[in-house]
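For reference, the structure discussed in these notes is given below.
The values are calculated or read from the model by the stated rules, or taken from the named source; none is laboratory data. If you're wondering where the values come from, they're calculated on a predicted model, not measured in any experiment. In this analysis, Cβ positions are derived from the backbone assuming ideal geometry, glycine residues included, and neighbour counts consider all displayed protein chains. Surface accessibility is based on the protein's heavy atoms, side chains included, excluding ligands, DNA and RNA. Shrake-Rupley method; radii C 1.70, N 1.55, O 1.52, S 1.80 Å.
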Amino acid sequence: MADIDQLFQMLVDQGASDLHLSQGSPPKLRLHGNIVPISEDILTEDIIVPMLTEICEPAAWEKFMKRGDLDFAYEMDEESRFRCNYLKQSHGIAAVFRLIPTKIATLEQLGIPSVVKEFGHLRSGLVLVTGPTGSGKSTTLAALIDYVNSNFSRHIITVEEPIEFVHSNKKSIITQREVPIQTPTFADGLRATLREDADIVLVGEMRDLETISLALTAAETGLLVFGTLHTNNARKTVDRIIDVFPSDQQSQVRTMLAASLQGVVAQLLCKRCDNGGRCAVNEILVSTPAVGAIIREGATQKLYDVITGGKGRGMIFMDEAINEKLQAGMISAKEAYMKAIDKNRFKDLLEPEDSALGNASGAEL
């Protein structure tokens, strides 16, 4: 069996995004969205433990053995950095490694709509980049931070678990803090930024009431806050933030969010059918007085009308963004159908061999 750096090199050479090692199974890669085995050798305890301890500090390994989970970053060489997650599972131990490019791509290279740059020009407020796990949120945020870093003189603080993209100072000063190494929690790191002369703070994950509450407060008091949530579109993002709070606080939170929310960039990754790989599709909501009124009223179903009517300001609904990629020949009708919110819009475009898929999913609508 190859050592772990050889497996990492295989991931890099094949253009994969993730390496999966699991006791009782062969090693596997995620390649263009699909999981594929890279050998038939089963990972036994005698094989996997030396692999994982080779790149992990002894104290961190001890913590993993007690808690059953561990997150950290590992740099193989100047070109290859990995986000590492160790876990315990029914057959023993396992690990998932996500390749983090050391060179930060630009928003243009990622194909992100140009309106997203405008969020980097803001001086305060809350901007959310949302999407499911593995949809490229961190990559898009890194590109946006790099745009600010290249064009403005700001103090940018990131609070991440772990630090993924490493930024060097350009026009801005960038302070990167890792949870739980440099700060115990996201909430602690965010609270501290209020005393650290920050202009911009990036919160790697807004996963609990305390962090979300602090992000809203920071945005209200004059910081520009970038955060992520695991929601698929703008409406669900607004609902998710409000629903985190107890019902007696939700009216006040709606008022705070209406005042501070500057935009939502929802992101999905679609398999390309033209040249392999995947492409980002984005729903964009830009705050307007109408958006603020809708959030205060709690009538988030009206956000669809604002987005579809806001094309002149760079807004776009997710299904429209998917349709644009389909019309450009970048993705297949099947992929468009699978990722769409309103599947009926794409059902009639499915190939005959995919029609059963449309009928099965249509029953759920």
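Filter segment 72-94 for residues that are surrounded by 15 or more Cβ atoms within 10 Å (Cβ to Cβ) and among the hydroxyl-bearing types (Ser, Thr, Tyr); which is nearest to ILE47 (Cα to Cα)?
TYR86
Which residue is farthest from TYR86 (Cα to Cα), if the candidates are limited to segment 38-71 and must be in a loop (DSSP other than H, G, I, E, B) and touching a Ser or Thr at 6+ places or on another chain (Cβ under 8 Å)?
Here is the first cut: in segment 38-71, the ones in a loop (DSSP other than H, G, I, E, B) are 38-44, 55-57, 68.
With the extra rule that they be touching a Ser or Thr at 6+ places or on another chain (Cβ under 8 Å), the set shrinks to 42-43.
Details: ILE42: 18, LEU43: 15 Å.
Looking at residues that are in a loop (DSSP other than H, G, I, E, B) and touching a Ser or Thr at 6+ places or on another chain (Cβ under 8 Å), I get ILE42.
State whether the residues of segment 220-229 include one that is open to solvent by 50 Å² or more (accessible area, probe 1.4 Å) and polar (S, T, N, Q).
Filtering segment 220-229 down to residues open to solvent by 50 Å² or more (accessible area, probe 1.4 Å) leaves 220-221.
Filter once more, keeping what is polar (S, T, N, Q): 221.
The answer is yes; a qualifying residue exists.
Can you name every one of the strands (runs of 3 or more DSSP E) wholly within segment 212-300 that holds 3 or more residues which are of a type in the set (Val, Ile, Thr)? Step through it out loud before you land on a result.
Numbers: elements: 224-229, 261-271, 278-286.
The qualifying strands (runs of 3 or more DSSP E) are 278-286.
Given the residues LEU349, LEU257, which is the only one that is touching a residue at least 12 places away in the same chain (Cβ under 8 Å) and open to solvent by less than 60 Å² (accessible area, probe 1.4 Å)? Break it down into steps so the answer makes sense when it comes.
On the way: LEU349 fails: open to solvent by less than 60 Å² (accessible area, probe 1.4 Å).
From the options LEU349, LEU257, the qualifying one is LEU257.
Being buried (at least 17 other Cβ atoms within 10 Å of the Cβ), assigned to a loop (DSSP other than H, G, I, E, B), of a type in the set (A, V, I, L, M) and out of contact with any Cys (no Cβ under 8 Å at 6 or more places or on another chain), is that true of even one residue in segment 17-37?
No, every residue in segment 17-37 fails to be buried (at least 17 other Cβ atoms within 10 Å of the Cβ), assigned to a loop (DSSP other than H, G, I, E, B), of a type in the set (A, V, I, L, M) and out of contact with any Cys (no Cβ under 8 Å at 6 or more places or on another chain).
Restricting to segment 324-333, count the residues that are in contact (Cβ under 8 Å) with a residue 40 or more places away in the chain, over 24 Å from the mean Cα position of the chain (by Cα) and surrounded by 15 or more Cβ atoms within 10 Å (Cβ to Cβ).
0
Residues in segment 322-343 that are touching a Leu at 6+ places or on another chain (Cβ under 7 Å), of a type in the set (Gly, Ala, Ser) and within 18 Å of ASN233 (Cβ to Cβ): how many?
First pass over segment 322-343, keeping only residues touching a Leu at 6+ places or on another chain (Cβ under 7 Å): 333-334, 336-337, 339, 343.
Remaining after also requiring of a type in the set (Gly, Ala, Ser): 333, 336.
Narrowing further to those that are within 18 Å of ASN233 (Cβ to Cβ): 336.
Number of matching residues: 1.
Restricting to segment 298-323, name every residue that is without any contact (Cβ under 8 Å) to a residue 24 or more places away in the chain and open to solvent by 40 Å² or more (accessible area, probe 1.4 Å).
Answer for segment 298-323, where residues must be without any contact (Cβ under 8 Å) to a residue 24 or more places away in the chain and open to solvent by 40 Å² or more (accessible area, probe 1.4 Å): LYS302, ASP305, THR308, GLY309, LYS311, GLY312, GLU320.
If a residue must be within 13 Å of GLU164 (Cβ to Cβ) and either assigned to a strand (DSSP E or B) or among the β-branched types (Val, Ile, Thr) (or both), how many such residues does segment 117-139 contain?
The total comes to 1.
So which residues in segment 140-167 are assigned to a helix (DSSP H, G or I) and either of a type in the set (Ser, Thr, Tyr) or open to solvent by 20 Å² or more (accessible area, probe 1.4 Å) (or both)? Spell out the reasoning first.
Within segment 140-167, the subset assigned to a helix (DSSP H, G or I) is 140-151.
Within segment 140-167, THR140, ASP146, TYR147, SER150, ASN151 meet the criteria.
Is segment 277-290 home to any residue that is surrounded by fewer than 21 Cβ atoms within 10 Å (Cβ to Cβ) and free of Cβ contacts under 8 Å to residues at least 12 places away in the same chain?
Within segment 277-290, one or more residues are surrounded by fewer than 21 Cβ atoms within 10 Å (Cβ to Cβ) and free of Cβ contacts under 8 Å to residues at least 12 places away in the same chain.
Failed condition for ASP71, given (1) more than 24 Å from ARG272 (Cβ to Cβ); (2) at pLDDT 95 or above, with all others met?
The failed condition is (2).
Let me confirm something: among LYS236, LYS137, LYS170, which residue is surrounded by fewer than 17 Cβ atoms within 10 Å (Cβ to Cβ) and at negative phi?
Values: LYS236 fails: surrounded by fewer than 17 Cβ atoms within 10 Å (Cβ to Cβ); LYS137 fails: surrounded by fewer than 17 Cβ atoms within 10 Å (Cβ to Cβ).
On inspection, the qualifying residue turns out to be LYS170.
Could you tell me whether any residue of segment 44-53 is at pLDDT 95 or above, open to solvent by 30 Å² or more (accessible area, probe 1.4 Å), touching a helix residue (DSSP H, G or I) at 6+ places or on another chain (Cβ under 8 Å) and not small (Gly, Ala, Ser)? Before you say what the answer is, go through the steps one by one.
The first filter runs over segment 44-53 and keeps only residues at pLDDT 95 or above, leaving 44-53.
Those left that are additionally open to solvent by 30 Å² or more (accessible area, probe 1.4 Å): 44-47, 49-50, 53.
When the remaining residues are screened for being touching a helix residue (DSSP H, G or I) at 6+ places or on another chain (Cβ under 8 Å), the result is 53.
Filter again for not small (Gly, Ala, Ser), leaving 53.
Taking every residue of segment 44-53 in turn, at least one turns out to be at pLDDT 95 or above, open to solvent by 30 Å² or more (accessible area, probe 1.4 Å), touching a helix residue (DSSP H, G or I) at 6+ places or on another chain (Cβ under 8 Å) and not small (Gly, Ala, Ser).
Identify all residues within segment 95-110 that are open to solvent by less than 40 Å² (accessible area, probe 1.4 Å), outside any strand (DSSP E or B) and out of contact with any Leu (no Cβ under 8 Å at 6 or more places or on another chain); write none if there are none.
Residues of segment 95-110 open to solvent by less than 40 Å² (accessible area, probe 1.4 Å): 95, 97, 100, 104-105, 107.
When the remaining residues are screened for being outside any strand (DSSP E or B), the result is 104-105, 107.
Across segment 95-110, the qualifying residues are ILE104, ALA105.
Of all residues in segment 23-40, count the ones that are in contact (Cβ under 8 Å) with a residue 24 or more places away in the chain and in contact with a helix residue (DSSP H, G or I) (Cβ under 8 Å, 6 or more places away or on another chain).
2
Identify the residue in segment 168-180 that is touching a helix residue (DSSP H, G or I) at 6+ places or on another chain (Cβ under 7 Å) and either among the hydrophobic types (A, V, I, L, M, F, W, C) or not in a loop (DSSP other than H, G, I, E, B) (or both) and, among all such residues, is nearest to MET206 (Cα to Cα).
The qualifying residue nearest to MET206 (Cα to Cα) is VAL179.
Give the residues of segment 184-207 that are within 12 Å of VAL244 (Cβ to Cβ) and open to solvent by 60 Å² or more (accessible area, probe 1.4 Å), sorted by residue number.
Taking segment 184-207 first, the residues within 12 Å of VAL244 (Cβ to Cβ) are 206-207.
Residue satisfying the conditions is ARG207 alone.
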